[in-house]
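For reference, the structure discussed in these notes is given below.
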Amino acid sequence: MSKSYWKIAVHSLFIAGAIGACALPAAAVEKPAATALSGSYPTRWVPAYSSVPAGWVVTNVNSTSWLISDVTSASTGEIVYVYFSTGLPVVAVPDGWIISQAGSVTNQITKIVGSAPWTTYMAAYGSPIPDGWVITEAGSIRNQITNVNGVPDYSTAYVNLGSPIPKDWVITTAGSVKNTITKVKDVPNYTAIWVTIGSPIPDGWVVTTAGSLKNEITKVKTLPVGTEIWTAFGSPVPLGWQIKTPGQIKQLIVRRY
């Protein structure tokens, strides 16, 4: 295999594109206009099959070595073309990046961490999805993903089945193709909300009423020691709480510390 075949051009640029809002209306968020970056990323050659440090990617190869580039200083929206081959171990995409276009020799990856709430990007099928991003439109080759980091409590998003559910979000309506999810991160204690069977239950919440299709869950996360509350049988018991009075339908739990 010749060196010229493997020579891979590496460049970075900002994406320009339309930004969509998901579920709750939000002000349109525009991506930066496309501009060329000055300078280059720090690079070094390492033996082929070496461990690649976090934040570095393989940007060129030859028969014995890999050229790796440090992309930790990249800005949100920047694109890098990285080496990829099914004949070699998969090199992880850095945290906060996605595979925006998949290829047989190189993958296009895009840094999306730091994007404004409700920003959307297209991610290749099988791309890692950073925390706080959800799949809002699914495709056979690429999925549309939306950033729900930083949105206010009670915001809702309409996500595809199989989408990750971010921490402190719950499924409030289930569908055959999409689910409605709702953010409940900083709502007050004793807030109650109905969630679908199978919805994640955030830390510090308990099931207070169990149903055949939905459960009512209640926040008890920061209630004081000594607080008691009746929960449904089988409800999670948060850290610091204990069952005081067991039962077949309801159980009384108390906060011990």
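The values are calculated or read from the model by the stated rules, or taken from the named source; none is laboratory data. Quick caveat, the model's predicted, so the values are computed rather than measured. With ideal geometry, Cβ positions are generated from the backbone for all residues, glycine too; neighbour counts draw on all protein chains shown. Areas reflect the complete protein model, heavy atoms only, side chains present, ligands, DNA and RNA absent. Shrake-Rupley method; radii C 1.70, N 1.55, O 1.52, S 1.80 Å.
Tabulated results
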{"read-out": "Which numbered condition ILE181 fails, given (1) touching a residue at least 40 places away in the same chain (Cβ under 8 Å); (2) of a type outside the set (Gly, Ala, Ser); (3) open to solvent by 20 Å² or more (accessible area, probe 1.4 Å)", "value": "(3)"}
{"read-out": "Selected residue (criterion: nearest to VAL80 (Cα to Cα)) from residues of region 101-123 that are surrounded by fewer than 19 Cβ atoms within 10 Å (Cβ to Cβ) and at pLDDT below 95", "value": "GLN108"}
{"read-out": "Count - residues of region 93-139 that are polar (S, T, N, Q), under 26 Å from ASP168 (Cα atoms) and either in contact with a Leu (Cβ under 8 Å, 6 or more places away or on another chain) or not in a strand (DSSP E or B) (or both)", "value": "3"}
{"read-out": "Filter result for ALA174 (open to solvent by 20 Å² or more (accessible area, probe 1.4 Å), among the small types (Gly, Ala, Ser) and more than 21 Å from the chain's Cα centre (by Cα))", "value": "no"}
{"read-out": "Residue list for region 140-161, restricted to those being assigned to a loop (DSSP other than H, G, I, E, B), farther than 12 Å from VAL113 by Cα and open to solvent by less than 30 Å² (accessible area, probe 1.4 Å)", "value": "VAL151, SER155"}
{"read-out": "Any chance SER127 is on the phi < 0 side of the Ramachandran plot, modelled with pLDDT under 95 and open to solvent by 60 Å² or more (accessible area, probe 1.4 Å)", "value": "no"}
{"read-out": "Condition check for ILE229: open to solvent by less than 70 Å² (accessible area, probe 1.4 Å), outside any loop (DSSP other than H, G, I, E, B) and among the hydrophobic types (A, V, I, L, M, F, W, C)", "value": "yes"}
